[in-house]
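Heads up: the structure comes next, in structure tokens.
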Amino acid sequence: MTDTYGYARVSTKEQKEDRQLLALWEMKVPRKNIYTDRQSGKDFNRPMYRRLLKRLKEDDLLYIQSIDRLGRNYEEILEQWRVLTREKKVDIVVLDMPLLDTRRGKDLMGTFLSDVVLQVLSFVAENERKTIRQRQREGIEAAKLRGVQFGRPRKPLPENFEQICVLWQSGELSSRKAAKLCGMPLTSFCRIGEEWKGEQREMA
């Protein structure tokens, strides 16, 4: 017996998959056959996708709303598409791209057109992922230049920190002794002390 399944994915727990679920319900996909991951699309190591893959059998039908919900890694999307359509022998329908409906055009020309569209869309999905990561890096760098601090707030430095640093920098105190006098872990003192020395050189 042929069964109908749906797959939805959002990148974070804060995002909602409601729009994808509505689209799948409109296609009469049974709710028990809808699998949802809340995880990045960079690879296919996702628990619900893996569970879905085990359930699928020959001639089943799988709906997804868009190709980037399947994944965002160009090579892995193509590989999973091959696994689904050629190894598992299931049909796939991408709802926002009618050309990606493996039930249609199973002749040579139809298969060729589907493969071309899939490769283009997979490339676009991965390129978008890379663009987002690049923008995030640029945003972080720009924020750092404006003095924005990331991570946990730094604890206030002890009042004697600069005085101890002067003695440490001149070699009168060892790093371990200086850290102990400041009441700081050795690694923290050395890291912050090096930053302090750099600031002093810039001011000189």
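The values are calculated or read from the model by the stated rules, or taken from the named source; none is laboratory data. Note that the structure is predicted; figures quoted are calculated from it, not measured. Glycine also receives a Cβ, built like all others from the backbone with ideal geometry; neighbour counts cover every protein chain displayed.
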In region 90-107, anything surrounded by 13 or more Cβ atoms within 10 Å (Cβ to Cβ) and in a loop (DSSP other than H, G, I, E, B) is listed as Val90, Leu95, Asp96, Met97, Leu99, Leu100, Thr102, Arg104, Gly105
If we keep only residues of region 44-61 that are part of a loop (DSSP other than H, G, I, E, B) and crowded, with 16+ Cβ neighbours inside 10 Å, then the residue farthest from the chain's Cα centre (by Cα) is Asp60
Of the listed residues (Thr12, Thr36), the one being polar (S, T, N, Q) and exposed (fewer than 10 other Cβ atoms within 10 Å of the Cβ) is Thr12
| Does Tyr7 satisfy being at pLDDT 95 or above and in contact with a Gly (Cβ under 9 Å, 6 or more places away or on another chain)? | no
A careful count of residues in region 74-87 that are more than 16 Å from Val116 (Cα to Cα) and surrounded by fewer than 16 Cβ atoms within 10 Å (Cβ to Cβ) gives 3
Discussion item. Quick check on region 62-72. Is at least one of its residues assigned by TED's automatic domain parsing to the domain that holds Glu17, surrounded by fewer than 19 Cβ atoms within 10 Å (Cβ to Cβ), hydroxyl-bearing (Ser, Thr, Tyr) and modelled with pLDDT under 85?
Written reply: no
Within region 187-204, restricting to residues that are closer than 12 Å to Val166 by Cα and modelled with pLDDT of 85 or more, the one that is surrounded by the most Cβ atoms within 10 Å (Cβ to Cβ) is Gly193
**Message:** Condition first: surrounded by fewer than 16 Cβ atoms within 10 Å (Cβ to Cβ), within 21 Å of the chain's Cα centre (by Cα) and closer than 22 Å to Val120 by Cβ. Can you find one or more residues in region 18-27 that meet it?
**Reply:** no
Taking first residues from region 61-79 that are in contact (Cβ under 8 Å) with a residue 24 or more places away in the chain and farther than 16 Å from Gly6 by Cβ and second residues anywhere that are of a type in the set (Ser, Thr, Tyr) and assigned to a loop (DSSP other than H, G, I, E, B), the pairs with Cβ under 8 Å that are 6 or more apart or on different chains are Arg72/Ser40
If you go through Ser170, Ser175, the only one that is surrounded by fewer than 14 Cβ atoms within 10 Å (Cβ to Cβ), touching a residue at least 12 places away in the same chain (Cβ under 8 Å) and of a type outside the set (D, E, K, R) is Ser175
